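Participant: Quick one: the structure is below, and I'll ask about it shortly.
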Amino acid sequence: MNPNKRKVKFNINIMSNKRELKKAIRNICADLFAECASATYYSAKEQKENGEVLLTSIVEMNENFICRVSHPEPGMPAKAYYKDLIAEFNKQASAIIDQISTIA
């Protein structure tokens, strides 16, 4: 494993309720957006377009996961659904962090 590449795991517990899960997703996406915006602002001109695309993907990720929290898939046990949702969110957020580090 590359020592420069860290695995990031966000502190989202299996949800106590939907409101808390949505709040955690919004806060993490807001932090990612702020970090990406500052990295884009201080980056070279070639990287600004990549940063703008990444900002758009952060907003889309936020909307997608908030919508998925509100409308779970029918037929799947709730606990398994939300556990999978959180794992997928962590994976996408870690990928975005890696992309932000390439911009900076």
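The values are calculated or read from the model by the stated rules, or taken from the named source; none is laboratory data. Here the structure is a predicted model, which means the values were calculated and not measured. When we count neighbours, we look across all protein chains shown, and the Cβ atoms used for this are built from the backbone with ideal geometry, even at glycine.
Participant: When you check residue 40 against the structure, is it closer than 30 Å to residue 80 by Cα, of a type outside the set (A, V, I, L, M) and either modelled with pLDDT of 90 or more or surrounded by 11 or more Cβ atoms within 10 Å (Cβ to Cβ) (or both), yes or no?
Facilitator: Details: closer than 30 Å to residue 80 by Cα: no; of a type outside the set (A, V, I, L, M): yes; either modelled with pLDDT of 90 or more or surrounded by 11 or more Cβ atoms within 10 Å (Cβ to Cβ) (or both): yes.
Criteria not met by residue 40.
Participant: Name every residue in segment 67-76 that is touching a helix residue (DSSP H, G or I) at 6+ places or on another chain (Cβ under 9 Å) and surrounded by fewer than 16 Cβ atoms within 10 Å (Cβ to Cβ), in order of residue number.
Facilitator: Once the filter is applied, which keeps residues that are touching a helix residue (DSSP H, G or I) at 6+ places or on another chain (Cβ under 9 Å) and surrounded by fewer than 16 Cβ atoms within 10 Å (Cβ to Cβ), segment 67-76 yields 70, 72, 73, 76.
Participant: Separate question: Could you give every pair whose Cβ atoms fall below 9 Å, whose first residue belongs to segment 23-34 and is over 16 Å from residue 103 (Cβ atoms) and of a type in the set (D, E, K, R), and whose second residue is at pLDDT 95 or above and surrounded by fewer than 21 Cβ atoms within 10 Å (Cβ to Cβ), counting only separations of at least 6 or pairs across chains?
Facilitator: Sorted first by the residue in segment 23-34, then by its partner, the pairs are 26/62; 26/66.
Participant: Looking at segment 24-76 only, could you name the residues that are more than 18 Å from residue 95 (Cβ to Cβ), of a type outside the set (A, V, I, L, M, F, W, C) and under 12 Å from the mean Cα position of the chain (by Cα)?
Facilitator: If the condition is that a residue be more than 18 Å from residue 95 (Cβ to Cβ), of a type outside the set (A, V, I, L, M, F, W, C) and under 12 Å from the mean Cα position of the chain (by Cα), then 26, 27 are the ones that fit.
Participant: Quick one: in segment 77-104, which of the residues that are more than 14 Å from the chain's Cα centre (by Cα) and of a type in the set (Val, Ile, Thr) is surrounded by the fewest Cβ atoms within 10 Å (Cβ to Cβ)?
Facilitator: So, considering only residues that are more than 14 Å from the chain's Cα centre (by Cα) and of a type in the set (Val, Ile, Thr), the one surrounded by the fewest Cβ atoms within 10 Å (Cβ to Cβ) is 102.
Participant: What are the residue pairs meeting all of these: first residue in segment 55-76, first residue in contact (Cβ under 8 Å) with a residue 24 or more places away in the chain, second residue hydroxyl-bearing (Ser, Thr, Tyr) and assigned to a helix (DSSP H, G or I), Cβ atoms under 8 Å, and 6 or more apart or on different chains?
Facilitator: Here the result reads 69/82, each pair linking segment 55-76 to a residue that is hydroxyl-bearing (Ser, Thr, Tyr) and assigned to a helix (DSSP H, G or I).
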